[in-house]
1. Residue by residue through the range 186-205, note down the ones that are in a loop (DSSP other than H, G, I, E, B) and touching a residue at least 24 places away in the same chain (Cβ under 8 Å).
2. Can residue 175 be described as over 24 Å from residue 265 (Cα atoms) and of a type outside the set (Lys, Arg)?
3. Look at residue 342 and say whether it is buried (at least 17 other Cβ atoms within 10 Å of the Cβ) and more than 23 Å from the chain's Cα centre (by Cα).
4. Could you go through the range 23-32 and let me know if any residue there is assigned to a loop (DSSP other than H, G, I, E, B), in contact (Cβ under 8 Å) with a residue 24 or more places away in the chain and over 23 Å from residue 80 (Cβ atoms).
5. So which residues in the range 328-371 are more than 30 Å from residue 187 (Cα to Cα) and in a helix (DSSP H, G or I), if there are any at all?
6. Quick test for you: out of 218, 256, pick the one residue that is over 30 Å from residue 357 (Cβ atoms), in contact (Cβ under 8 Å) with a residue 12 or more places away in the chain, touching a Pro at 6+ places or on another chain (Cβ under 8 Å) and not in a loop (DSSP other than H, G, I, E, B).
7. Residues of the range 75-97 being under 13 Å from residue 108 (Cα atoms) and more than 28 Å from the chain's Cα centre (by Cα), which ones?
8. Working only within the range 81-138, note down all residues that are farther than 22 Å from residue 21 by Cβ and touching a Cys at 6+ places or on another chain (Cβ under 9 Å).
Amino acid sequence: MKIGFITSEYPHPQVSHAAGIATSIKNLAVTLVKKGIDVTVFVYHQNQSEVISDNGVEIHLIKKEKYKLLTWYFYRKYIQKYVNTVVKEKGISILEAPDWTGITAFMKFYVPLIIRFHGSDAYFCKLENRKQKFKNFLFEKLALKRAKAFIAPTTYAGIETRKIFGLDKNKIKTIHYGLQLENFANIKPEVYSHNVILYIGTVIRKKGVFELAEIFNKVIEVNPNAQLIMIGNDSPDVKTGAASTFELIESIFSKKALKQVNYLGKKPYTEVKQYINNAHVCVFPSFAETLGMVTIESMAMQKPVVNTSIGWAQEIIDDGMNGYLAHPSNIDLYSKRILNLLKNPDLCLQLGKAARQKVEVRFNIEKNADINIAYYKSVLKL
């Protein structure tokens with residue numbers, strides 16, 4: 001069996017963008033190769049067209065093209081032609097693409113297409129309670145209609161996406177993202193930088209960063225030694241139109257809290273693990289995710305995590321057993337969870353150990369890759 005992935009991001013120095021989706025795809029692609037599966041990744045919206053190889057994965061960079069009219073349509077047809085050519089030449093059996101922006105709308109492929117719910121614009125708009133552009137909804141709807149089957153990283157993401165687009169629940173399979181656990185070993189979980197709270201993610205409203213500022217204000221009043229490190233790209237704010245979300249949340253931090261905030265911007269993926277390793281507590285107060293790769297990465301490194309209590313997170317963390325869940329808007333509870341961990345090192349070690357065990361059972365890419373392979377084969381038989 002030969003598999004092709006269509007994506008706008010992938011972790012490689014020659015790829016212009018890579019975030020959580022990219023990490024999840026690479027973890028799966030590399031593991032599939034180890035299991036004898038031929039994997040091709042098609043990365044669109046790139047600065048140039050080129051074919052490269054990484055960890056046995058053949059990566060096709062597809063240059064972004066502009067047209068005088070209807071670029072959104074003709075570029076899709078360009079990608080379709082490119083992918084179909086490689087599919088025919090290599091004998092690729094099945095393709096997988098994300099739901100975001102409905103990139104495969106108006107595309108027809110020679111082989112079956114599976115769409116994985118990394119998170120559509122419609123899904124995030126629903127969770128954030130904001131209006132979606134009709135064109136975006138239409139493209140995503142058309143793309144999903146052309147797919148033969150679907151994969152959801154959490155049952156919650158699958159149910160919500162099915163409701164939005166009216167999909168057949170029998171065509172949706174929940175398969176969690178996975179980690180190469182050997183890359184997330186923490187042999188000394190008792191060694192870390194005390195009072196350091198770590199946030200990793202885009203600095204954007206849907207990630208709960210406005211609430212995080214209020215939460216940290218509460219934390220600093222009780223623990224003046226607490227520090228907040230933030231890692232991730234800044235972004236424009238959809239609600240106010242401001243160019244920088246971080247500049248907006250700067251005004252929310254108290255003067256005392258702001259002195260203890262260190263915003264580092266984007267960091268190379270290879271460095272992020274070291275920041276996780278050094279952290280006392282990791283926090284992810286998001287309003288909108290399908291799963292959240294950095295959460296399971298932090299858990300794998302035996303860190304106590306305070307996550308959101310919304311749907312998908314309940315499939316990752318068992319509250320009070322291997323981490324904490326609290327709604328981002330419940331500022332008092334969220335801050336109390338953090339403060340409790342900062343003052344209780346034994347509890348941190350206990351939750352961290354249990355978190356690692358949870359990841360080993362549910363998010364081991366070796367096991368989850370086999371589940372993916374079995375599902376691909378079942379779709380090919382339909």
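1. 186, 189, 190, 192, 193, 194, 195, 201, 202, 204
2. yes
3. Values: buried (at least 17 other Cβ atoms within 10 Å of the Cβ): yes; more than 23 Å from the chain's Cα centre (by Cα): yes.
For residue 342, the condition - buried (at least 17 other Cβ atoms within 10 Å of the Cβ) and more than 23 Å from the chain's Cα centre (by Cα) - is met.
4. Pass one, the range 23-32, residues assigned to a loop (DSSP other than H, G, I, E, B): none.
The answer is no, given that none of the residues of the range 23-32 is assigned to a loop (DSSP other than H, G, I, E, B), in contact (Cβ under 8 Å) with a residue 24 or more places away in the chain and over 23 Å from residue 80 (Cβ atoms).
5. 331, 332, 333
6. Details: 218 fails: touching a Pro at 6+ places or on another chain (Cβ under 8 Å).
Result: 256 is the single residue among 218, 256 that is over 30 Å from residue 357 (Cβ atoms), in contact (Cβ under 8 Å) with a residue 12 or more places away in the chain, touching a Pro at 6+ places or on another chain (Cβ under 8 Å) and not in a loop (DSSP other than H, G, I, E, B).
7. 81, 85
8. 131
The values are calculated or read from the model by the stated rules, or taken from the named source; none is laboratory data. Given the structure is predicted, the values throughout are model-derived calculations rather than measurements. Note that each Cβ is placed from the backbone with ideal geometry, even for glycine, and that neighbours are counted across all protein chains shown.
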